[in-house]
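> Below is the structure I would like to discuss, written out as structure tokens.
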Amino acid sequence: MKSQTRSTKTTAKKTTAKKKSLKTYTFKNSQKLFQRALKVIPCGIYGHFSPAPLIPATSYPFYAERAKGSHFWDVDGNEFIDYMCAYGPMVLGYNHPGVDQAAMKQLKRGNCITAPTREMVELAEQLVDLNTAADWAFFAKNGGDVVNQSIMLARAATGRTKMMLVKGGYHGVSSWMQGPGHYGVVEQDCASNVYVDWNNIQQVENAVSQHRGEIAAFLATPYHHPTFGDSELPADGYWQKIRQICDREGIVLIIDDVRCGFRIDMRGSHEYFGFKPDLACYCKAIGNGYPISALVGREELKTYAAKVFYTGSYWFSSVPMAAAIACMKEMKKINAPRVMIKQGKKLWDGIAKMADGYGYDMKVSGMASMPTLRITNDPSMMLHQDWCAEATRRGAYFTSHHNWFISAAHTDTDIKKTLDIADEAFKAVKKKYGDEY
Ligand SMILES: Cc1ncc(COP(=O)(O)O)c(C=O)c1O
């Protein structure tokens, strides 16, 4: 390799240019704003945007100024290639012209009105045409809204109380979703939860026989993507076996496709894994950042979706619906999941290969459009956290304890630049840790 790069003057020049270090960012304005926020907002920034899991927090921006395509700029003027995509909603690129135009056109006509607009019907028709689990569609705002609703429907349909959940799965912030031991959650809130390990059919069978006739729903994500852990795809035949058990026992099979939805298969992630759920929950990518979520389901459950009273002040707003119509059309046109998987694979393969050159083992798990990365050499995660932070300080926004997201707007130029940044980040951690790992 060395002799190749030194073989001609031009290549030598290129090599020198490449070796010029990238600027490392500082976050003065972010920190100042955060100090102001701490006085008037609980913990400054709460929920999944909280800086708590960003380690060291001094290497991350806390506030964004603007965004475009696959990039965002923070309040210090730093530019980032974004590998969190607003934690999933950004799928076609920030400020996508087609989606924004549809939203703005609708905004001029009216958004939150006393009656729904025709966009609601069109969006439902579009989802029913597209999604193979959908005979009908119901709209809300957040992912948690529709997951909650799916459980109410399953209970109404079965007359049962309990729900089977996968340990470590995330479905939102309702007390039953958070589980025992979290602040503000009491034991009673979780009394109906029956937990099983991911990919463990025997545990599902055991739970079914222990609670026979009591379980209303089996609820899980298409594959397991826990925070603070590697992602795990379903074992061969897993979903088919779950489908059989649910049919045999009269349990409603709910897929929480809030995070994976439109990043694996346009027809619903269940198609990729070869099964059909009874109910499926969508949010995040459906409107490219405009606030909307959807529950879709089988014809037989439509009556219960009509009977269960479920609504919200902004659930009929037509701007997000117009945005979602445009977003889904565009995603379908370009086969967005395929684009993201292809671009993702290029990048993660490149990073893993690069890590190898530095003597690090980079484990990449989950789907290429939203993978989890982890340097396995250091089980304490310090090395991995530092590598992510070093990359972020140079313009590739990487988090260390959550899966990443790629969008259809991530270009080959982005990927090339990200690989250069990743390389510098590897050099920085190698310098810090030497041969410790
Ligand atoms: C799999 C899954 N389900 C449900 C939710 C909850 O969605 P929301 O935060 O929009 O309520 C999330 C959010 O990250 C999620 O990833």
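> Check off (1) of a type in the set (A, V, I, L, M, F, W, C); (2) part of a helix (DSSP H, G or I); (3) modelled with pLDDT under 95 for Ala285 and give me the number that stays unchecked.
All conditions pass for Ala285, except number (3).
> Okay, moving on. Just for region 51-71: of the residues that are of a type in the set (Gly, Ala, Ser) and in contact with a helix residue (DSSP H, G or I) (Cβ under 8 Å, 6 or more places away or on another chain), which one is nearest to Phe405 (Cα to Cα)?
Filtering region 51-71 for residues that are of a type in the set (Gly, Ala, Ser) and in contact with a helix residue (DSSP H, G or I) (Cβ under 8 Å, 6 or more places away or on another chain), the one nearest to Phe405 (Cα to Cα) comes out as Ser70.
> Collect the residues in region 133-148 that are away from the ligand (no atom under 12 Å from the Cβ) and part of a loop (DSSP other than H, G, I, E, B), keeping them in residue-number order.
Ala133, Ala134, Asp135, listed by residue number.
> Something else now. What number of residues in region 336-367 are touching a residue at least 24 places away in the same chain (Cβ under 8 Å), over 15 Å from Asp414 (Cβ atoms) and open to solvent by less than 40 Å² (accessible area, probe 1.4 Å)?
The total comes to 7.
> Same structure again: For a quick check of your reading of the model, give me the residue pairs whose first member lies in region 109-124 and is closer than 17 Å to Ala140 by Cβ, whose second is open to solvent by 80 Å² or more (accessible area, probe 1.4 Å) and of a type outside the set (Asp, Glu), with beta-carbon atoms closer than 6 Å and at least 6 apart or on different chains.
Listed by first residue and then by second, the contacts come to Pro116/Phe316.
> Tell me, which residue of region 206-220 that is in a helix (DSSP H, G or I) and surrounded by 15 or more Cβ atoms within 10 Å (Cβ to Cβ) is farthest from the ligand (Cβ to nearest atom)?
Out of the qualifying residues, it is Val208.
> Among Pro53, Pro61, Pro42, which is within 20 Å of Trp387 (Cα to Cα) and either at pLDDT below 95 or open to solvent by 30 Å² or more (accessible area, probe 1.4 Å) (or both)?
Result: Pro53 is the single residue among Pro53, Pro61, Pro42 that is within 20 Å of Trp387 (Cα to Cα) and either at pLDDT below 95 or open to solvent by 30 Å² or more (accessible area, probe 1.4 Å) (or both).
> Continuing with the same structure: Have a look at Pro379, Pro371, Pro320 and point out the one that is modelled with pLDDT under 95 and either within 22 Å of Thr227 (Cβ to Cβ) or in the same structural domain as Asp129 (by TED's automatic domain parsing) (or both).
Pro379 is the lone residue from the list that is modelled with pLDDT under 95 and either within 22 Å of Thr227 (Cβ to Cβ) or in the same structural domain as Asp129 (by TED's automatic domain parsing) (or both).
> Listed residues Arg243, Arg248; which is of a type in the set (Lys, Arg), more than 29 Å from the chain's Cα centre (by Cα), at pLDDT 95 or above and under 24 Å from Thr158 (Cβ atoms)?
So the residue among Arg243, Arg248 that is of a type in the set (Lys, Arg), more than 29 Å from the chain's Cα centre (by Cα), at pLDDT 95 or above and under 24 Å from Thr158 (Cβ atoms) is Arg248.
> Can you pull out every residue in region 289-326 that is open to solvent by less than 20 Å² (accessible area, probe 1.4 Å), within 22 Å of the chain's Cα centre (by Cα) and within 16 Å of the ligand (Cβ to nearest atom)?
The answer is Ile292, Ser293, Ala294, Leu295, Val296, Pro320, Ala323, Ala324.
Conditions (1) in contact with a strand residue (DSSP E or B) (Cβ under 9 Å, 6 or more places away or on another chain); (2) in the same structural domain as Glu249 (by TED's automatic domain parsing); (3) surrounded by fewer than 22 Cβ atoms within 10 Å (Cβ to Cβ); (4) under 17 Å from Ala280 (Cβ atoms), marked per residue:
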{"position": "Val128", "(1), (2), (3), (4)": "yes, yes, yes, yes"}
{"position": "Val147", "(1), (2), (3), (4)": "yes, yes, no, yes"}
{"position": "Ser150", "(1), (2), (3), (4)": "yes, yes, no, yes"}
{"position": "Ala154", "(1), (2), (3), (4)": "yes, yes, no, yes"}
{"position": "Gly159", "(1), (2), (3), (4)": "yes, yes, yes, no"}
{"position": "Ser174", "(1), (2), (3), (4)": "no, yes, yes, no"}
{"position": "Gln188", "(1), (2), (3), (4)": "no, yes, yes, no"}
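> Looking at region 244-282, which of the residues that are open to solvent by 10 Å² or more (accessible area, probe 1.4 Å) and in a helix (DSSP H, G or I) is farthest from the ligand (Cβ to nearest atom)?
Here the answer is Arg248.
> How many of the residues making up region 237-276 are touching a His at 6+ places or on another chain (Cβ under 7 Å) and β-branched (Val, Ile, Thr)?
Of the residues in that region, 1 qualify.
> In region 149-179, what count of residues is obtained for those that are part of a helix (DSSP H, G or I) and touching a residue at least 60 places away in the same chain (Cβ under 8 Å)?
Residues that pass the stated criteria total 10.
> Looking at region 221-242, which of the residues that are more than 16 Å from Ile341 (Cα to Cα) and either open to solvent by 40 Å² or more (accessible area, probe 1.4 Å) or free of Cβ contacts under 8 Å to residues at least 24 places away in the same chain (or both) is nearest to the ligand (Cβ to nearest atom)?
Thr227
> Those residues that are touching a Cys at 6+ places or on another chain (Cβ under 8 Å) and under 21 Å from Gly98 (Cα atoms), I need them from region 258-284; list them, please.
Listed by number, the list holds a single entry, Gly261.
The values are calculated or read from the model by the stated rules, or taken from the named source; none is laboratory data. Please read these numbers as outputs of a predicted model, since none were measured by experiment. Virtual Cβ from ideal backbone geometry, glycine too; neighbours counted across all protein chains shown. Keep in mind that these areas ignore ligands, DNA and RNA; they rest on the heavy atoms of the full protein, side chains included. Shrake-Rupley method; radii C 1.70, N 1.55, O 1.52, S 1.80 Å.
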